[in-house]
Amino acid sequence: MELELTFELQEGRISYQTQVEIPVTTADFYFPTEGRPLIVFVDGKVHLKTSQAMKDEDLRTLLRKRGYRVLELLYDSYSEKKRDQFYAEILESLGKE
């Protein structure tokens with residue numbers, strides 16, 4: 001899913017970085033927007049399990065407290081429709097609807 005989103009972002013000429021290390025985690029996509037940067041996590045099946053979901057929530061709460069905007073995109077299987085939905089959510093979060 002991440003690779004497909006990368007193609008969409010490149011085609012849309014959206015500036016981003018991938019696999020950016022932040023002191024407590026690695027972001028799948030990082031958008032260095034003014035004010036509060038946007039961090040995007042594209043989470044597959046492993047993140048849907050209760051124990052991992054709890055860890056993810058704690059981590060993302062910490063990131064929000066540190067001033068980041070966090071967008072979580074969860075999916076259990078790939079589809080073009082889901083990819084397009086995720087792309088639209090990223091654009092909306094960046095104010096580029």
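At-a-glance table
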quantity: Which listed residue, of ALA88, ALA27, is of a type in the set (Gly, Ala, Ser), in a helix (DSSP H, G or I) and at pLDDT 85 or above; calculated: ALA88
quantity: Cβ-Cβ under 7 Å pairs, at least 6 apart or on other chains, segment 1-19 side in a loop (DSSP other than H, G, I, E, B), far side of a type in the set (Ser, Thr, Tyr) and open to solvent by 90 Å² or more (accessible area, probe 1.4 Å); calculated: MET1/TYR78
quantity: Set LYS65, LYS81: member being surrounded by fewer than 14 Cβ atoms within 10 Å (Cβ to Cβ) and under 12 Å from MET1 (Cα atoms); calculated: LYS81
quantity: Some residue of segment 24-31 being in contact with a Pro (Cβ under 7 Å, 6 or more places away or on another chain), surrounded by 15 or more Cβ atoms within 10 Å (Cβ to Cβ) and free of Cβ contacts under 8 Å to residues at least 24 places away in the same chain; calculated: yes
quantity: Checking MET1 against (1) modelled with pLDDT of 90 or more; (2) surrounded by 17 or more Cβ atoms within 10 Å (Cβ to Cβ); (3) of a type in the set (A, V, I, L, M, F, W, C), the condition it does not meet; calculated: (1)
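The values are calculated or read from the model by the stated rules, or taken from the named source; none is laboratory data. These figures come from a predicted structure and were not determined experimentally. Counting neighbours? That spans all protein chains shown, and the Cβs are built from the backbone with ideal geometry, glycine included. The accessibility values were calculated without ligands, DNA or RNA, using every heavy atom of the protein model including side chains. Shrake-Rupley method; radii C 1.70, N 1.55, O 1.52, S 1.80 Å.
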